[in-house]
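Trainee: After the C-alpha cells below, expect a handful of questions from me.
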Amino acid sequence: MKQTILLLVFAGLLQTLFAQQQKLPRVVILATGGTIAGTGASADRSAYKAGELPVKDLIAAVPGIDKVATITGEQVSNVGSQDMTVDIWIKLNKRINEIFKNNEADGIVITHGTDTQEETAYFLNLTVRYDHPVVLTGSMRPSTAISADGPKNLYDAVTVAASPLSKGRGVMLVFNESIWDPRDVEKVSTTHVNGFAAPNSGPLGQVYDGKVIYYFNSVHKANKQTPFDISGLTKLPRVAVAELYCDAPATALNAYVADGVDGVITGGLGNGNLNKANTEAVMAAVKKGVSIVRSSRVFTGRVTLFDETDDEKLGTMVSDNLSPQKARILLMLGLTKTKDRKQLQQYFFEY
Ligand code: ASP
C-alpha cells in the first residue's frame, strides 16, 4: 500500500515536471563558431583558436539554461567570423525561415564570432521573412579563459530569445547584458569584453538577472517589410568597400572595378568626401555601370546628399548613417532587385 502511494506521488511529480518542461519556450541554437567556441592552451594566455567547440559543449557550459527554454542545438559552421561567408549567410537564412515556417521554435539564438557579427545580424534582419526573435551572441574571451564571457552571453541571449517581450522584434544582438539593434550595432573594441555599442543611438534594452527590459523600438523596416526575399538565390551581387585616407590613390577602387564587382562602397572622409583621384575613378566606374555608394570612415553621423559632393554629377548614392560594411550588405541586396539609382537610394533611407 505504502509503496503504491509512493509510486503515485512520484508519477505525479514527474507529470508536473514534464508539464512545466512543455510550457517552456523552444529555442534553437544555431552555432557558427567564433571565440565563444574557441579554445586556448592556457587560461591566462590570450593565444587561442576560434571555432573549435561543438554546439553541445557550448550548451553544456551554461548552468540553468534548460530552465529558461527547451534547447536544441545545430552546428551550421565552425569558423572564426573573419572567415564568415555569403554562402554561410544564405544557409543560415534558409534554415531560420524553415524553422519558423515549420513552427520548430519560438526563438533562435545564433552563436557567432564578434568580428563580423554585426554584418550577419544586419543581413538576417533584412532577409529573414519572420519577425520572431533571432538573437546573435558570442564572446570576447575563449571558452578556456579565466572569466570566459561566452556562457553568460549565451544564457542572456537565450533569455532574450525566449522572452514574451521579444515577440515581433526580429533580429537582435545580445552582448555584455545589452540588447542591440542589428542596424545600429558595431564592434567597438578589439579586445574588451564590452565589445559592442551603437554609437548613433544606444542599446534597445537590457538583460539582467534573467530579466529582459526594452527601452526603444527600431523605426527601420525589417524582415517581411523589406523586399529582400532571397529564398530562390544561391549567390548575391558582388560589392566591395574601398576606404579613403589622406592622399589616397584610386588603386583599390579601380582594382575592384577591373575585377568586375557590381558595386563599391567608398569609406570616405568626413561626410563621405572623395579626393580628386577617387572622384575621377568613381565617375569612370559609374559610366561602366558600377553602383557607387558614398559612406564614411567616421563612425557616427550621416552621409548626406549634395553637401560638399555633387552626387548628381558623380552618379553616386549615400549610405545615410550605415557603416561601409553594412552599406555593402544593403547594396548587395538592393542590386538583387534593381540597378536604378533612385530606387537604390530610397532603400538607404528606408532600411
Ligand atoms: N576572430 C574571432 C571571431 O570573430 C573573434 C571573436 O569571436 O571574438 O570569430
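Trainee: Tally up the carbon and sulfur contribution to the accessible surface of the range 252-322 as a whole percent, 1.4 Å probe, everything protein left in place.
Mentor: Details: 1660 of 3230 Å².
C and S atoms contribute 51 percent here.
Trainee: For the chain, find the longest principal axis of its Cα atoms and tell me its angle to the long axis of helix 86-101, 0 to 90°, nearest 10.
Mentor: 50
Trainee: Cross-link candidates for K326: which aspartates and glutamates have Cα within less than 12 Å, leaving aside residues fewer than 8 places away along the same chain?
Mentor: Of all the aspartates and glutamates, those that pass the test against K326 - Cα under 12 Å, at least 8 places apart if same chain - are E118, E119, D184, E186.
Trainee: With contacts defined as alpha carbon pairs under 8 Å and 6 or more residues apart, what's the relative contact order of the chain in percent?
Mentor: Working: 755 pairs, mean separation 45.6, N = 351.
Contact order relative to length: 13 percent.
Trainee: Sticking with this one: Hey, what does the equivalent ellipsoid look like for the chain, semi-axes from the Cα gyration tensor as sqrt of 5 times each eigenvalue, largest first, whole Å?
Mentor: Values: eigenvalues 365, 90, 59 Å².
Working through the eigenvalues yields semi-axes of 43, 21, 17 Å.
Trainee: Excluding H220 itself, what net charge comes from residues whose Cβ is under 14 Å from its Cβ, given Lys and Arg +1 and Asp and Glu -1? Walk me through the numbers on the way to the answer.
Mentor: On the way: positive: R169, R183, K221, K224, R302, K326; negative: D131, D181, D184, D320, E350.
After counting each charged neighbour, the total is +1.
Trainee: OK, next. Kindly express, to the nearest 10 degrees and within the range 0 to 90, the angle between helix 324-334's C-alpha long axis and the longest C-alpha principal axis of the chain.
Mentor: 90
Trainee: Compute the helix-to-body angle for 276-287: its Cα long axis versus the longest principal axis of the chain, expressed 0 to 90° and rounded to tens.
Mentor: Taking the Cα atoms of the chain, the angle to 276-287 is about 80 degrees.
Trainee: Once you list every other residue whose beta carbon is under 10 Å from the beta carbon of D311, what net charge do they have if Lys and Arg are +1 and Asp and Glu are -1? Can you show the working numbers first?
Mentor: Values: positive: R294, K313, R341; negative: D307, D310, E312.
Here the charged neighbours net out to 0.
Trainee: With every protein chain left in place, what is the accessible area per residue of the range 133-239 in square angstrom, probe 1.4 Å? List each step's numbers first, then the result.
Mentor: Working: 4850 Å² over 107 residues.
On a per-residue basis, the range 133-239 sits at 45 Å².
Trainee: Oh, and also: List, in order, the whole-Hz ³J(HN,Hα) value for each residue of the range 105-117 obtained from phi through the Karplus relation with A = 6.51, B = -1.76, C = 1.60 and θ = phi - 60°; use x for Gly and Pro.
Mentor: Per-residue couplings from phi come out as 7, 8, x, 10, 10, 10, 8, 7, x, 7, 4, 10, 4 Hz.
Trainee: Let me ask something else. List the trypsin sites (Lys or Arg not before Pro) within the range 152-206 that DSSP assigns to loop and that have no more than 16 neighbouring Cβ atoms inside 10 Å.
Mentor: K167
Trainee: From the helices alone, meaning DSSP H stretches of at least four residues, give me the mean residue ellipticity at 222 nm for the chain, per-run term -39500 (n - 2.57), in deg cm²/dmol to the nearest 500. Can you show the working numbers first?
Mentor: Working: 11 runs with 117 residues, N = 351.
Taken over the chain, the calculation gives -10000 deg cm²/dmol.
Trainee: Taking all protein chains in place and a 1.4 Å probe, what share, in percent, of the accessible surface of the range 71-210 do carbon and sulfur account for? Don't jump to the answer; show the numbers that get you there.
Mentor: Values: 2400 of 5010 Å².
It is 48 percent, rounded to a whole number.
Trainee: Using amide H atoms built in the peptide plane, which far-off residues or other-chain residues are under 5 Å from G73 H to H?
Mentor: Under 5 Å from the amide H of G73 lie the amide H atoms of I29, each far enough along the sequence or on another chain.
Trainee: Please list the non-local residues whose amide H lies under 5 Å from the amide H of D320, H modeled 1.01 Å from N, same-chain partners needing a gap of 5 or more.
Mentor: V303
Trainee: Counting Lys +1, Arg +1, Asp -1, Glu -1, what net charge surrounds D131 among other residues with beta carbon under 10 Å of its beta carbon? It would help to have the intermediate numbers written out before the result.
Mentor: Values: positive: R129, K167, R169, K224; negative: none.
Once positives and negatives cancel, what remains is +4.
Trainee: Here is a further query. What are the residues whose amide H is under 5 Å from the amide H of G34, where those residues sit 5 or more places off or on another chain and H is modelled from the backbone?
Mentor: The list, which skips near neighbours in sequence, is G51, V79, G80, S81, G113.
Trainee: Ordering F349, F306 by accessible area with a probe of 1.4 Å, largest first, what comes out? Before the final figure, lay out each step's value.
Mentor: Numbers: F349 80, F306 115 Å².
Greatest to least solvent exposure: F306, F349.
Trainee: So, one more: Across every pair of different alpha-carbon atoms, what Kirkwood hydrodynamic radius in Å does the range 237-351 reach?
Mentor: Working: mean 1/r = 0.0742 Å⁻¹.
The answer is 13.5 Å.
Trainee: In the range 266-297, which trypsin sites (Lys or Arg not before Pro) fall in coil by DSSP and have 10 or fewer other Cβ atoms within 10 Å?
Mentor: Values: sites: K276, K287, K288, R294, R297; in loops: K288, R297.
Passing both the DSSP loop test and the Cβ count: K288.
The values are calculated or read from the model by the stated rules, or taken from the named source; none is laboratory data. This one's a predicted model, so the numbers in the text were calculated from it and none came from an experiment. Neighbour counts run over all protein chains shown; Cβ positions are idealised from the backbone, glycine included. Side chains included, ligands, DNA and RNA excluded: accessible areas come from the protein's heavy atoms. Shrake-Rupley method; radii C 1.70, N 1.55, O 1.52, S 1.80 Å.
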